[in-house]
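Below: the structure, in structure tokens.
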Amino acid sequence: MPDTRRRSLFKALAVGAVSAPLAGRAATPPPLPRLPAAPQWSRGIEGQRQADLGDGTYLNPIVAGDHPDPSILKDGDDYYMTFSSFQSYPGIVIWHSTDLVNWTPIGPALHEQIGVTWAVDLCKVGNRYYIYLPANADDSGWKIHVIWTDDIRGAWSAPIDLKIDGCIDPGHIIGEDGKRYLFVNGIRRIRLSDDGLSVDGALAPAYQPWRYPEDWVTENFAPEGPKLLRRGEWFYLVTAVGGTAGPVTGHMVIAARSRSIHGPWEHCPHNPLVRTQSVDEPWWSRGHATLVEGPAGDWWMVYHGYENGMRTLGRQTLLEPIEWTADGWFRARGGDLSRPLPKPAGGRAGPNGFALSDDFTHDRLGMQWGFHDPRPGDATRLQRRDGALWLAAAGTSPADSAPLTCGVPDRAYEIEISLLPEAGAEAGVLLFYNHKAFVGLGFTADAIRTYQYAEELAWARAPRPSGPVRVRLRNDENVVTFHYSFDDGRSWRLHGTRMEVSGLHHNVFGGFLSLKVGLFAAGSGQVACRDFRYRALA
């Protein structure tokens with residue numbers, strides 16, 4: 001039950017208790033309060049929630065699950081978008097849409113491991129596409145790289161280090177002088193070469209962002225995520241301040257404008273344009289926005305936010321309409337984002353999402369699966385043969401083995417998979433945030449192991465019969481239940497421990513990640529994984 005509904009119920013019950021009749025006097029108990037209806041998403045592949053309601057309206061998020069720092073590009077009648085991928089490799093998955101509401105992935109753009117990647121910028125200059133991406137390898141410091149392609153659905157180049165050190169959150173723009181620039185956190189600016197593949201100048205301060213009142217509850221000031229566009233005679237600079245997580249009221253969207261890329265910049269009188277003001281709102285910590293023109297010429301804002309009570313899903317992608325005002329500024333017009341909004345006019349609905357179930361006959365690395373923080377050579381741990389994914393063991397437990405993870409889009413879901421560990425190997429299913437925060441079950445050739453909050457419960461270790469095991473993991477709004485079967489799903493046993501995982505998120509463990517389904521193999525030998533199935537729970 002959402003927190004707001006719980007509070008309403010408890011408040012009503014408390015009022016009823018205070019006004020209860022005196023002892024001995026008969027009375028009819030007050031009726032329980034009528035709870036507000038929860039948001040009702042449309043359901044698509046495997047019951048996954050989708051934004052398009054099929055009646056000309058949509059309900060956020062437009063891309064559910066952990067898809068933070070969206071960078072969006074309008075390319076004729078097509079839209080492309082990508083997100084931070086952090087420790088997962090392959091990464092930087094490109095998504096496509098023709099109506100801004102229905103999105104489906106094309107494939108990963110980044111295959112070479114260069115460290116943690118986040119807050120990228122996707123742009124097009126001439127006929128060439130570019131992604132500017134910050135990466136931090138082995139905590140050696142942030143460096144901005146670029147990859148490029150002439151075919152957005154084809155192969156991308158290897159990363160090129162631009163030698164812009166200590167910076168994140170690039171935003172690309174062509175100035176009134178025809179030169180290319182990157183803006184970065186700070187907010188600072190550096191000129192690029194004409195081909196966009198090297199720098200042509202020094203990093204310099206560009207803009208002193210608008211300051212909110214000191215008594216506002218935020219995480220920190222943190223000017224970041226600069227995104228720029230040129231419209232008419234003005235350059236518009238859209239920036240995030242207030243901190244990405246922390247208090248739900250912290251993150252926000254502000255704007256400035258200038259007639260020159262070199263400034264001076266004028267603060268928007270409507271700042272902040274977007275900000276969560278209460279824990280009762282459906283979306284928390286909203287920010288990191290980009291403006292985009294819709295198919296019919298109207299305008300929209302794409303940004304991310306945490307779903308109320310579901311930080312474990314990570315930051316999800318939201319779409320909100322804006323309007324340009326007579327004074328040349330713009331305002332957000334979405335209002336209550338728990339309600340459906342009219343879809344952008346003029347678009348053509350296309351495919352939405354993709355199936356997460358996997359028979360392991362095709363390579364889906366980067367699209368669905370990715371190693372968490374892989375070590376050199378981890379990709380060679382995978383083989384596909386005999387209708388199974390064979391995962392070579394590494395490490396001694398989930399705490400020191402790079403698991404293969406799959407992001408999830410739903411508040412409640414169920415997965416099943418069949419596992420067969422070779423002698424000496426341990427196979428397991430996890431809900432994995434990072435190596436310090438996970439829950440799950442492990443199966444050796446003769447034992448069942450229980451992992452709760454990154455530690456094995458040694459007292460819960462139990463024997464099991466030899467042979468394959470089919471595991472079912474059910475996550476119902478952060479309450480986790482496990483079943484397992486030793487006869488290929490004909491009969492099931494309920495695991496004796498349920499777990500509550502709402503605390504496995506960034507505000508506790510850092511990293512800006514999400515809680516993903518994970519498969520691990522530890523010890524020695526290999527584990528055969530077969531018939532992975534995903535099903536959303538309505």
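All of the numbers you see were taken from the coordinates with simple rules; none came from a lab. The model shown is predicted, which means the values in this text are computed figures rather than measured ones. Using ideal geometry, Cβ is built from the backbone for each residue, glycine included, and neighbour counts are taken over all protein chains shown.
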> In nm, to one decimal, how far is the ALA137 label point from the ASP336 one, both placed 7 Å along Cα→Cβ?
Replying inline: 5.1 nm
> What residues qualify as long-range amide H neighbours of ASN102, i.e. H under 5 Å apart, gap of 5 or more or another chain, H built at 1.01 Å from N?
Replying inline: GLY350
>> At 7 Å along Cα-to-Cβ for each site, give me the label-to-label distance between ASP363 and ASP531 in nm.
In response: 2.7 nm
> Separation between the TRP234 and ARG490 pseudo-spin-labels, each 7 Å from Cα along Cα→Cβ, expressed in nm?
Replying inline: 7.1 nm
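Which order do the peptides 357-363, 463-469 take when ranked by the mean count of other beta-carbon atoms within 10 Å per residue, highest first? All intermediate terms of the calculation are to be shown ahead of the outcome.
Details: 357-363: 14.4, 463-469: 12.9.
Top of the packing list down: 357-363, 463-469.
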>> Pairs of alpha-carbon atoms within less than 8 angstrom and 6+ residues apart define the contacts here; what relative contact order does the chain have, in percent?
In response: 13 percent
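Order of 395-405, 69-79 by packing, highest average Cβ count within 10 Å first? Walk me through the numbers on the way to the answer.
Numbers: 395-405: 20.5, 69-79: 18.5.
Sorting 395-405, 69-79 by mean packing, highest first, produces 395-405, 69-79.
In Å³ and rounded to a whole number, note down the convex hull volume per residue for the Cα atoms of the stretch 296-369. List each step's numbers first, then the result.
Numbers: hull volume 12.0 nm³, N = 74.
Once divided by residue count, the hull of the stretch 296-369 is 162 Å³.
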> Taking amide H positions as placed 1.01 Å from N in the peptide plane, with prolines and chain starts having none, which residues 5 or more places from HIS145, or on another chain, fall under 5 Å of its amide H?
Replying inline: LEU133, ALA135, LEU162
> Long-range amide H contacts for TYR207: which residues qualify at under 5 Å (H placed 1.01 Å from N, peptide plane, sequence gap of 5 or more or a different chain)?
Replying inline: ILE187
>> Please state the shape class of the stretch 426-538: rounded when a/c is under 1.5, otherwise prolate if a/b exceeds b/c and oblate if not, all from the C-alpha gyration tensor.
In response: prolate
> What list of ³J(HN,Hα) values in whole Hz, one per residue of the stretch 247-259 in order, does the Karplus curve 6.51 cos²θ - 1.76 cosθ + 1.60 (θ = phi - 60°) give from phi, with Gly and Pro shown as x?
Replying inline: x, 5, 8, x, 5, 7, 10, 10, 9, 8, 9, 7, 7
>> Checking the cross-link filter: which aspartates and glutamates have an alpha carbon closer than 14 Å to that of LYS163, excluding same-chain neighbours under 8 positions apart?
In response: ASP200
>> As a test of the formula, what do you get for the chain when each DSSP H run with n ≥ 4 contributes -39,500 (n - 2.57) and the sum is divided by the residue count, at 222 nm and rounded to the nearest 500 deg cm²/dmol?
In response: -1000 deg cm²/dmol
>> Rounded, prolate or oblate for the stretch 63-200? Axes are the square roots of the Cα gyration tensor eigenvalues, ordered a ≥ b ≥ c, and the cut-off for rounded is a/c under 1.5.
In response: oblate
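Counting Lys and Arg as +1 and Asp and Glu as -1, what is the net charge of the other residues whose Cβ lies under 11 Å from the Cβ of SER258?
Numbers: positive: ARG230, ARG257, ARG259; negative: GLU176, GLU233, GLU266.
Here the charged neighbours net out to 0.
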> Given the pairs LYS179/LYS343; LYS227/LYS516; LYS74/LYS436; LYS124/LYS343, which are separated by over 31 angstrom at their Cα positions?
Replying inline: LYS179/LYS343; LYS74/LYS436
> From the phi of every residue in the stretch 423-440, what ³J(HN,Hα) in whole Hz does the Karplus formula 6.51 cos²θ - 1.76 cosθ + 1.60 yield, where θ is phi - 60° and glycine or proline is x?
Replying inline: 4, x, 9, 10, 10, x, 10, 10, 9, 10, 9, 7, 5, 9, 8, 7, 9, x
> Ordered by residue, what ³J(HN,Hα) values in Hz, to whole numbers, does the stretch 83-90 give under the Karplus form 6.51 cos²θ - 1.76 cosθ + 1.60, where θ = phi - 60° and Gly and Pro are x?
Replying inline: 9, 5, 10, 6, 8, 7, 9, x
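Among rounded, prolate and oblate, which fits the chain when a ≥ b ≥ c are the square roots of the eigenvalues of its C-alpha gyration tensor, a/c under 1.5 means rounded, and a/b larger than b/c means prolate? List each step's numbers first, then the result.
On the way: a/c = 1.92, a/b = 1.22, b/c = 1.57.
Since a/c reaches 1.5 but b/c is at least a/b, the shape of the chain is classed as oblate.
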